[in-house]
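What follows is one structure encoded as structure tokens, with my remarks underneath.
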Amino acid sequence: MFSKTNWRRISVVSVFLFAVIAGMLSHSSAATAKALTKKEVKVLIASAKTSEDHMKLAQYFKTEADGLEAEAKDHDEMVEAYRKNPMTQMRAEKTPAAVGTIEHCEFLAKSYREAAKAAREMAGEHEQMAKNVGK
């Protein structure tokens, strides 16, 4: 179904995506005032007992989702820029890799949206846990 070249491209994009998301997660954590560190998040996930603990985690995941959605939007804008650029269109006729730049950005935008959705779901779970504390 996929050629060797396509599998290589998928592998390279997957590794790149992992690195970008990891970087994005660490960047957005650092950008928030009094944001939890990754270590603090892991400790809090393992030990959260109070409503306040779960709300801290919910806020952490909401912040992560916001950053991931911003990345998706940036890649959507890059797709549009590539489509408007006549040089990209000319290259696409001669070099299939030019189309890959659009596909690459579309793939990343979709992946960021999926990660943002998962982060929002985690935030919702922790909000629900916060409500259920003491019941």
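Computed from the coordinates by the stated procedures, all read-outs in this text should not be read as laboratory data. In this text the structure is predicted, and so the values were computed from the model without any measurement. We place every Cβ from the backbone using ideal geometry, glycine too, and count neighbours over all the protein chains shown.
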The aspartates and glutamates whose Cα lies under 14 Å from the Cα of LYS56, excluding any fewer than 8 residues away in the same chain, are GLU40, GLU64, GLU125, GLU127
Ranked from highest to lowest mean number of other Cβ atoms within 10 Å per residue, what is the order of the peptides 43-52, 122-131, 103-112? 103-112, 122-131, 43-52
My understanding is that a pair violates if its Cα-Cα distance is over 32 Å; which of LYS49/LYS110; LYS49/LYS73; LYS34/LYS84; LYS39/LYS84; LYS49/LYS117; LYS39/LYS131 do that in this structure? LYS49/LYS110; LYS49/LYS73; LYS34/LYS84; LYS39/LYS84
